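Chemist: Just dropping this structure here.
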Amino acid sequence: MEISCESIHAKRLRGDAFLLLDCREQDEWDFCHIDGAMLIPMSELQLRMPELDAHRDAEIIVYCHHGVRSLRVAMWLQQQGFQQAASMAGGIEEWSLNVDPAVPRY
């Protein structure tokens with residue numbers, strides 16, 4: 001259900017195919033985000049589900065600020081049939097600390 005930032009970074013370096021989904025709000029995204037991610041705020045997820053249909057059988061890794069919202073979103077996505085949904089442990093905060101210090105912290 002959770003995957004470490006370091007594992008995600010390794011997947012990116014290998015060129016593994018997966019969707020990196022940011023479930024934070026627009027203002028958080030505007031401040032900082034991980035390049036290549038797709039923004040669908042948790043508050044808009046139900047309305048924007050059609051945007052994820054093409055990824056139903058793909059690995060989806062969800063992140064937020066600290067990993068709480070993303071875990072809830074990943075669990076909800078699994079209940080909707082997205083079996084490979086997982087949460088990035090520690091969120092973008094952990095990413096900034098351990099993978100890419102160029103991503104601003106807040």
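Chemist: Which residues, taken from segment 8-32, are assigned to a helix (DSSP H, G or I) and either surrounded by 16 or more Cβ atoms within 10 Å (Cβ to Cβ) or not small (Gly, Ala, Ser) (or both)?
Modeler: Listed by number, the residues that qualify are Ile8, His9, Lys11, Arg12, Leu13, Arg14, Gln26, Asp27, Glu28, Trp29, Asp30, Phe31.
Chemist: Are any residues in segment 33-62 assigned to a loop (DSSP other than H, G, I, E, B), touching a residue at least 24 places away in the same chain (Cβ under 8 Å) and surrounded by fewer than 16 Cβ atoms within 10 Å (Cβ to Cβ), and if so, which ones?
Modeler: Scanning segment 33-62 gives Gly36, Arg56, Asp57, Ala58.
Chemist: Continuing with the same structure: Considering only segment 77-106, how many residues are part of a helix (DSSP H, G or I), farther than 17 Å from Ala58 by Cβ and in contact with a strand residue (DSSP E or B) (Cβ under 8 Å, 6 or more places away or on another chain)?
Modeler: So the count comes out to 4.
Chemist: Do we have any residue at all in segment 71-78 that's in contact with a helix residue (DSSP H, G or I) (Cβ under 6 Å, 6 or more places away or on another chain) and either farther than 15 Å from Ile3 by Cβ or surrounded by fewer than 19 Cβ atoms within 10 Å (Cβ to Cβ) (or both)?
Modeler: no
Values quoted throughout were computed directly from the atomic coordinates according to the rules given, and no laboratory measurement underlies them. Please read all numbers here as calculations on a predicted model, not as lab measurements. Heads up, the Cβs are rebuilt from the backbone with ideal geometry, glycines too, and the neighbour counts pull from every protein chain shown.
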